[in-house]
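The structure appears below as structure tokens.
The values are calculated or read from the model by the stated rules, or taken from the named source; none is laboratory data. Since we're looking at a predicted model, the values are computed, not measured. When we count neighbours, we look across all protein chains shown, and the Cβ atoms used for this are built from the backbone with ideal geometry, even at glycine. Remember, those area values only see protein heavy atoms, side chains included, never the ligands or the DNA or RNA. Shrake-Rupley method; radii C 1.70, N 1.55, O 1.52, S 1.80 Å.
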Amino acid sequence: MGTVLADMRHVPWHELRHAHGSASQVPGMLSRIAWGDSESAEDALSDLGRWIGAMTVFDSTVATVPFLWELAAVRTVKDRVGVLGLLRTILSHGHAHHPEWTRDAHRAVLAGRATAERLTGDGDPSVRRSAQELLAALDTHVCGSCPPTRGLPAGPDRTGKAGRAPLTPGAPVATDAVQPL
């Protein structure tokens, strides 16, 4: 599990924002979700949801989504159902003043489709059900900020900045390289 979340150090979290200010605390929350006990992980996931996905998305949301996909794929993460639920929540929210954050956050969620498909075969029935619900949301996603995803230029990278990794449905992303299932 040592490689899980290893790329967090490459993200300029202090330059990104969430609902309550600087996103510099996001790595700590992701770490608690990854390695904390059930209560700590649940609290961290709840806080993270309020910061990056509750009712609106932020530039930190874009940078966080690949790590959420990574956590959803790791069996030892205590609340994978909650992680998948947060991804579904992010897909359903936007930001009125920053449609590029909405588009990039949604594209990052869509990019994890291969992970969601793998999770529909997970040994945990709750994870399977949550993955199926997320796939249904991916299949029906339409919003004013998201142009059709096929054939788009490269999307945001893990830093939340545009232009590096293509984020199209089914396209492999770094998080799909983690295959602990």
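Take every Cα pair under 8 Å whose residues are at least 6 apart in sequence, average their separation, divide by the length of the stretch 38-107, and the relative contact order is 39 percent.
Packing-based ranking of 111-117, 37-43 yields 111-117, 37-43, ordered from highest to lowest mean Cβ neighbour count within 10 Å. The relative contact order of the stretch 1-139, computed from alpha carbon pairs under 8 Å that lie at least 6 residues apart in sequence, is 20 percent.
Protein heavy-atom surface of the stretch 21-65, 1.4 angstrom probe: 52% of the accessible area is carbon and sulfur, with nucleic acids and ligands not counted. Ranking of GLU70, GLU100, GLU15 by solvent-accessible surface, largest first: GLU15, GLU100, GLU70 (1.4 Å probe, protein heavy atoms only, all chains present).
Taking all protein chains together, HIS18, HIS93 sort by accessible area into HIS93, HIS18, largest first [probe 1.4 Å]. Per-residue accessible area (protein heavy atoms, 1.4 Å probe) orders THR56, THR64, THR76 as THR76, THR56, THR64, starting from the largest. Computed over all pairs of different Cα atoms, the Kirkwood value for the hydrodynamic radius of the stretch 23-109 is 12.6 Å. For ARG17, nonlocal amide neighbours, meaning residues 5 or more places apart or on other chains whose placed amide H falls under 5 Å from its own, are ALA23, ASP59, SER60. Computed with every protein chain present, the accessible area of TRP13 is close to 20 Å² [probe 1.4 Å].
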